[in-house]
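What follows is a single structure, written as structure tokens, with notes after it.
The values are calculated or read from the model by the stated rules, or taken from the named source; none is laboratory data. This one's a predicted model, so the numbers in the text were calculated from it and none came from an experiment. Note that each Cβ is placed from the backbone with ideal geometry, even for glycine, and that neighbours are counted across all protein chains shown. Each accessible area value is taken on the protein alone, full model and side chains, heavy atoms only, with ligands, DNA and RNA left out. Shrake-Rupley method; radii C 1.70, N 1.55, O 1.52, S 1.80 Å.
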Amino acid sequence: MGATSTAVLAAVGQAGLLLAALAAVHAPLGAYMARVYSSAHHWRVEAWWYRATRIDATTDQRWRTYLVQVLGFSLASVLALYALGRLQAYLPMNLGFTGLDPAGAWNTAVSFTTNTNWQWYSGEAAAGHLLQMAGFAVQNFVSAAVGMAVAIALVRGFARTGADGRIGNFWQDLTRGVVRILLPISAIAAIVLVTQGVIQNLDGHTAITTLQGGTQTMVGGPVASQEAIKELGTNGGGFFNANSAHPFENPTHLSNLLEIFLILLIPSALPRTFGILVGDRRQGWAILGVMASLWLGALALVTWAELAGPGAAPQLAGAAMEGKESRFGLASSALFAAATTGTSTGAVNSMHDSYTAPGGGVVLFEMLLGEIAPGGVGAGLYGMLIVAILAVFVAGLMVGRTPEYLGKKIGCHEMSLVALYVLTTPAVVLVGSALAVSVGPGLAGIQEPGAHGLTEVVYAFTSAGNNNGSAFAGLATGTGFYNTALGLAMLVGRFVPIAIVLALAGRLASQRTVPASSATLPTHRPLFVGLTSAVALIVVGLTFIPVLSLGPIAEALS
């Protein structure tokens, strides 16, 4: 059997095993999360936390109050993480590292607070254990919980009727997301990762003797505990610079498949939660169908692109193996790449900058979709629901009827919010990329001329604006310009959509539910799944095809 055939069988086998595992937990996890966010009872630890912090977790908040709480909590997170980064030299367990420079500390604080985890630095050469644990790991939990809370608030907007814009309590949603969902799953996952060889200690620099007789210094650390939430929370920031290609983070095929499973776990189960909370599980199946069809298409394309890599070396190797960890091979690398860019994770077990032009273009396009296939924890669901509303609106235009979705009228105010949401990320990506290739500091970071250099810049701002965090490694971003510009892109790409989603949730919650009629578009059938998928692809295509033509498409044709 040839190398290509073996790679194809490996790709199909791993994808099948992954999908089977996700299918097995889809219903129970989705139902459990629905109970978490609808329960009227607090756990004892939650009640203690509310009393200790004097948080009012019982008031049903209007959307403006909910938004103020999200923004206030996130601002406090940025300031706290910025202080930890700047003052690292004075903190215990700093491993001798100095504090981060102002621009770098700003970028890092914004990055982890926005669930982006963009890293301009090498973790093992810049961040001590306390910064990793008290700073980065904490934000990995709470930033993921914020995204889940916003998604649930939008779902309540659909589920409630005449609620005067009340969409829940942010502090309750945040706390339950961390305590009842993220912490238990992460603890179990961390133990499994340790059994596979992922390290978990507080060691500093250790000198080891290599096989060639030389000396190499390795850094230990609490890697397994951070690796678990890094993937589960679709965060992506690696303890080491090589991220999930490093054997201390991802040593075996089983750990690799587990990490991909964790990346997709919550985003793929949230549609079930959505269906239960709105009282029609068929709606959840429809949303999951759109997510799955887009993601499986991307997976097939990126696997094909890397298998069919041009040149003598890929032909001899059976695939384009540059930049891929030989322990995992092409199938595992392509599967990981499709998962990490289809969500807002950004973790990598191979270097996307080394992918073929078509392969790199596919993972870039996945992010440009708004990371809705299946998207980040929470962010993927509310992004997909925005696309579903847009699809309903398009269908309404075709038949000359006021669009409805789940019994809620989609009028001019709702569509104005949807339009603003759809335009936010393209504005961030295109304006940021245009600025970077127009000024000296931006051009100085481009190390490869031509189409590939442009792709590196567009990829960076796409990753930041969509809160992904992965990178084309050829772009030098550890500069004042890129740290500042990408930090701004992360902030706008995270919190402007959140504000729009919460405003939309408030409007929907205030409406009275309209009973379905014979003229209502069924939104649980395959026709709607196809329509929504087409709308997502067409919107992204019309917006980004020009810049993609100058980048990966031009490179592929050259």
* Taking 0.36 nm per residue of separation and subtracting the Cα-Cα distance, what length does fully extending THR98 through LEU397 add? -> 101.7 nm
* To do: Between beta-carbons, use under 14 Å as the cut-off and find the net charge around PHE261, counting Lys and Arg +1, Asp and Glu -1.
  => -2
* Express in nm, to one decimal, how much length is gained between LEU527 and ALA444 on full extension, taking 0.36 nm for each residue of separation and deducting their alpha carbon distance. => 25.0 nm
* Structure fact -> Once Lys and Arg are counted +1 and Asp and Glu -1 for all other residues with Cβ under 14 Å from that of GLY487, the total becomes 0
* To do: Could you work out the mean projected area of the convex hull around the alpha carbons of the range 335-424, in square nanometres to one decimal?
  => 7.2 nm²
* For the residue pair ASP164 and ALA207, what label-to-label distance in nm results when each label sits 7 Å from Cα along the Cα-to-beta-carbon direction? -> 7.1 nm
* Listed highest first by mean packing, meaning other Cβ atoms within 10 Å per residue, what order do 385-397, 473-485 come in? -> 385-397, 473-485
* Asked: How about the range 1-96: which chymotrypsin sites (Phe, Trp or Tyr not before Pro) there lie in a loop by DSSP and see at most 16 other Cβ atoms within 10 Å?
  -> TRP43
* **Chain lengthening between ALA134 and THR520 when straightened (0.36 nm per residue, less Cα-Cα)** => 133.9 nm
* Structure fact -> Under the Karplus relation with 6.51, -1.76 and 1.60 and θ = phi - 60°, whole-Hz ³J(HN,Hα) for the range 391-396, x at Gly and Pro, equal 5, 4, 5, 4, 5, x
* Carbon + sulfur, % of accessible area of the range 64-183 - ligands and nucleic acids excluded, 1.4 Å -> 67 percent
* Leaving out ligands, DNA and RNA, what percent of the accessible area of the range 426-535 is carbon and sulfur, probe 1.4 Å? -> 69 percent
* **Computed FRET value (nearest 0.05) for TYR32 with MET218, which takes r as the C-beta separation and R₀ as 41 Å** => 0.55
* Asked: Given a Förster radius of 25 Å and the C-beta distance between ILE191 and SER39 as r, what FRET efficiency does 1/(1 + (r/R0)^6) yield to the nearest 0.05?
  -> 0.40
* Structure fact -> For TYR405, the residues 5 or more places away or on another chain with a placed amide H closer than 5 Å to its own amide H are ILE410
* To do: Take peptides 366-379, 93-106, 267-280 and line them up by average Cβ neighbours within 10 Å, highest first, as a rough protection proxy.
  => 366-379, 267-280, 93-106
* Asked: In deg cm²/dmol and to the nearest 500, what is the mean residue ellipticity at 222 nm of the chain if only DSSP H runs of at least 4 residues count, each as -39500 (n - 2.57), divided by the residue total?
  -> -21000 deg cm²/dmol
* Asked: How much FRET efficiency would the formula 1/(1 + (r/R0)^6) give for ALA76 and SER5, where r is the Cβ-Cβ distance and R0 is 45 Å, rounded to 0.05?
  -> 0.25
* Send over a whole-number figure in Å² for the accessible area per residue of the chain, probe 1.4 Å. => 38 Å²
* To do: Would you work out what percent of the accessible area of the range 303-415, with all protein chains in place, is carbon or sulfur (probe 1.4 Å)?
  => 65 percent
